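Below is one structure; the comments refer to it alone.
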Amino acid sequence: MRPRIRFAPALSFAESTRANCATFSFAIMPTIRVTSSAHPYNVYCAPNALGRAASLITRLGDSTGTFILSSPRVWRHWGKTLTSKIPNRAARRPILFEDSESLKRLETVEGIARQLVTAGADRGAVVVAVGGGVVGDVAGFAAASYLRGVRLVHIPTTLVAQVDSAIGGKTGVNLPEGKNLVGAFYPPKLVIADPVMLGTLPHREFRSGLYEIVKYGVIADEKLFDFLERRMSAILRRDPAALTWIIPRSIAIKARVVNEDEREGGLRQILNFGHTLGHALEAATGYRRFLHGEAIGWGMIAATLMALAVGRLSESDASRIIRLVASVGPLPPLSNIGASQLRPILAGDKKARAGRVLWVLPRRIGKTVWGEEVPWKVVTRTFAALPAIAAEAGLR
């Protein structure tokens with residue numbers, strides 16, 4: 001029997017802030033500080049922050065060269081602008097690689113490293129990753145590995161990269177057996193997140209990033225969740241006022257979590273809400289059917305239903321979470337994917353322990369628990385129920 005869900009209306013929004021999630025005035029560029037065992041670094045987030053890229057990178061100190069890593073499609077949109085913004089004329093000789101999730105592999109990292117050698121990059125170099133999550137993960141791992149580590153700067157151009165993947169120091173690539181199984185914790189020296197750069201993002205990719213912001217509302221910030229419920233139509237139109245509220249707030253949540261638990265030993269695991277199943281869906285389909293956020297959207301619905309099934313979550317909160325995920329837009333279908341196909345992938349997930357699959361489950365909106373085991377029969381029943389739940393929620 002599938003879990004019973006009734007979709008309740010959204011609560012009204014009452015805007016408030018927290019200490020590390022201040023009300024940002026964009027007359028002055030907001031700076032969010034992230035700490036790490038290697039070094040602290042700043043995330044600069046404001047419209048037109050890209051215009052300060054040269055001065056911000058120069059502040060990192062003397063370098064023997066600045067080397068831009070990006071993808072051809074990102075460079076088509078931003079190459080001309082970056083050519084005038086980045087020091088040392090590095091933008092005239094970018095190292096480009098395809099940013100498909102299916103090409104996020106060790107071979108790509110090797111190709112980048114060889115091009116860095118040819119370009120004369122030494123230990124005094126600065127690598128600047130310009131692109132979305134794939135570019136950031138691959139370029140970050142290349143920077144961590146090349147000559148045992150050179151300085152790294154992120155200029156994220158997608159919503160998911162601005163609010164999530166560019167922050168926190170995770171880098172890595174995929175194996176056929178699973179996502180991000182080879183990588184390193186390697187914090188950048190600087191992150192420049194400019195919401196204006198989202199203007200060139202295809203709508204499907206923009207929506208994909210919104211699922212990560214929904215995640216932040218569920219795991220840590222009921223006020224953000226309320227805002228998303230009330231303002232989703234404006235956000236989908238990329239209303240500047242809405243974006244300048246949700247993007248820095250999301251970054252601040254990520255920064256607070258990473259500051260408390262850099263290496264995912266405890267609290268940071270809440271950031272994996274929706275990702276356990278989401279990563280398995282990506283791997284099972286060869287990283288070709290789902291954008292990352294879309295797979296996470298399915299994963300959040302599944303984790304919500306599991307939390308309901310095991311008595312961790314109220315029906316009203318489960319309804320609100322699923323409704324909010326659905327409001328972002330349609331998700332690719334789950335056709336020809338079975339729970340039995342996903343089980344070995346889930347068991348090999350980097351968060352699994354001795355083959356035991358551990359889940360992040362919501363307790364209520366704004367609070368989650370991690371390291372939760374769920375009986376496999378509940379997982380299979382939940383997965384079987386997803387298409388019907390999706391139809392009821394209007395996800396198809």
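Each reported figure results from applying straightforward, stated rules to the coordinates on display, with no laboratory input. What you see is a predicted model, and the numbers here were worked out from it, not measured in a lab. Cβ: placed from backbone, ideal geometry, glycine included. Neighbour counts: every protein chain shown.
In table form, for the structure just shown:
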item	result
Two-decimal Rg/Rh across the chain, once Rg and the Kirkwood Rh are taken from alpha-carbon atoms	0.96
Residues of type aspartates and glutamates that LYS350 reaches as a straight line, Cα spacing below 14 Å, ignoring anything fewer than 8 places off in the same chain	GLU177, GLU264
Net charge dipole size for the range 203-393 [Lys, Arg +1 and Asp, Glu -1 on Cβ; Debye, nearest 20]	80
Extension reserve of the GLU373-ALA391 stretch, reckoned as 0.36 nm per residue once the Cα distance is removed	3.7 nm
Cα centroid of the range 262-305 to Cα centroid of the range 111-144, whole Å	26
Separation of the ARG123 and LEU175 label points, Cα + 7 Å toward Cβ, nm	3.0
Exceeding the 20 Å Cα-Cα cut-off - candidates LYS189/LYS367; LYS104/LYS170; LYS223/LYS351; LYS85/LYS254; LYS254/LYS351	LYS189/LYS367; LYS223/LYS351; LYS85/LYS254
Phi to ³J(HN,Hα) by Karplus 6.51 cos²θ - 1.76 cosθ + 1.60 over the range 128-135, Hz, x for Gly, Pro	10, 8, 10, x, x, x, 5, 4
Ranked list, fewest to most other Cβ atoms within 10 Å of each Cβ, for HIS154, HIS275, HIS77	HIS77, HIS275, HIS154
Packing-based ranking, highest mean first, of 298-307, 106-115 given that Cβ atoms within 10 Å are counted	298-307, 106-115
Positive minus negative residues near SER102 (Lys, Arg vs Asp, Glu; Cβ under 13 Å)	0
Relative packing of 335-342, 242-249, which averages over residues the other C-beta atoms within 10 Å, highest first	242-249, 335-342
Nearest 10 degrees, 0 to 90: helix 315-327 Cα axis against the chain principal axis	50
Translational D in µm²/s for the range 31-200 (Stokes-Einstein at 4 °C, 1.567 mPa s, Kirkwood Rh from C-alpha pairs)	83
For peptides 63-72, 194-203, sequence by mean Cβ density within 10 Å, most packed first	63-72, 194-203
GNM flexibility winner over the chain from ASP137, ASP99, ASP239 (Cα, springs under 10 Å)	ASP239
